[in-house]
Amino acid sequence: MGSSSQSNNRARSPEQRHLFINNETPIVFGVKRDVPERHALMEKIKEHGGEVTDSYCEADFVLGDPTKTQITTQGIDKIISYKFVLDSIAAKRLRPPSTYELVITGLRAGRRHFTLQDDIELENYLISLPEDSMLGGNEIYKRLEKLNPRHSWQSWRNRS
C-alpha cells in the first residue's frame, strides 16, 4: 500500500504536492469529526503538503461540514467548509478561505484576552461619540459589542 501512495505522490506535480505549504511551512488543518469521509480528506491534505492536528487551537484552519450546525469549541473563532480543501485540490491552487467561512453558533468558548487592536478600537469608538450623546452608560458598550462581538458589552465596559 505504501508504494501505491508513493506512485500517486510522484504522479502529482511539485505544485500539487506543495499546495498546502505557505512560506515553506505546512498549513495545519483541524478536521471536525462530523466531516464526511474525514479520514480520506485528511489523507488528501497530507498528500498535498499539509498537516492535520487534533488540537483545533494549533490549526491554521478548522474544517467543518457546511450542512451541519457549527458550535464553537476549544476557542475556535472561525470554521471553514471542508470543501475548501477539495476545491483547492481541483483548482490546483489555494482558493480564498474567506469564501468558505461557516457561521458559528453557540456559546462563546471561554475568555478572550484583549489585544492591542481591541484597545485601539475601544479608544477610537469612545472618542468618536459626541459629547452630548444621549446614550446611557451600558448602551454605549452594547452598541460597541454589535460592532465588535469579540467581547461582551460587559467586558468592553470593564476594559474602558
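Rounded, prolate or oblate: which one fits the stretch 116-159, using the alpha carbon gyration tensor with axes a ≥ b ≥ c (rounded when a/c is under 1.5, else prolate when a/b beats b/c, else oblate)? List each step's numbers first, then the result.
Details: a/c = 2.02, a/b = 1.31, b/c = 1.54.
Because a/c hits 1.5 or more and a/b fails to exceed b/c, the stretch 116-159 counts as oblate.
Please find the FRET efficiency linking Leu126 to Thr99, where r is the Cβ-Cβ separation and R0 is fixed at 30 Å, and quote it to the nearest 0.05. Write down the numbers at each step before the final one.
On the way: r = 34 Å, r/R0 = 1.14.
Here the calculated transfer efficiency is 0.30.
Through the Karplus equation 6.51 cos²θ - 1.76 cosθ + 1.60, θ set to phi - 60°, convert the phi angles of the stretch 39-54 into ³J(HN,Hα) values in whole Hz; use x for Gly and Pro.
5, 5, 5, 4, 5, 4, 4, 5, 4, 9, x, x, 10, 10, 10, 7
What residues qualify as long-range amide H neighbours of Arg150, i.e. H under 5 Å apart, gap of 5 or more or another chain, H built at 1.01 Å from N?
none
Given R₀ = 35 Å, FRET efficiency for Thr25-Thr115 by Cβ-Cβ distance, to 0.05?
Working: r = 23 Å, r/R0 = 0.66.
E(calc), rounded to 0.05, equals 0.95.
Past 22 Å, Cα to Cα: identify those pairs from Lys46/Lys68; Lys32/Lys78; Lys44/Lys92; Lys78/Lys146; Lys68/Lys92, in the order given.
On the way: Lys46/Lys68 25 Å; Lys32/Lys78 12 Å; Lys44/Lys92 13 Å; Lys78/Lys146 18 Å; Lys68/Lys92 27 Å.
Over 22 Å apart, Cα to Cα: Lys46/Lys68; Lys68/Lys92.
Bear in mind these aren't lab numbers, they're just calculated from the coordinates by the rules spelled out. Quick caveat: nothing in here was measured; it's all calculated off a predicted structure. Virtual Cβ from ideal backbone geometry, glycine too; neighbours counted across all protein chains shown.
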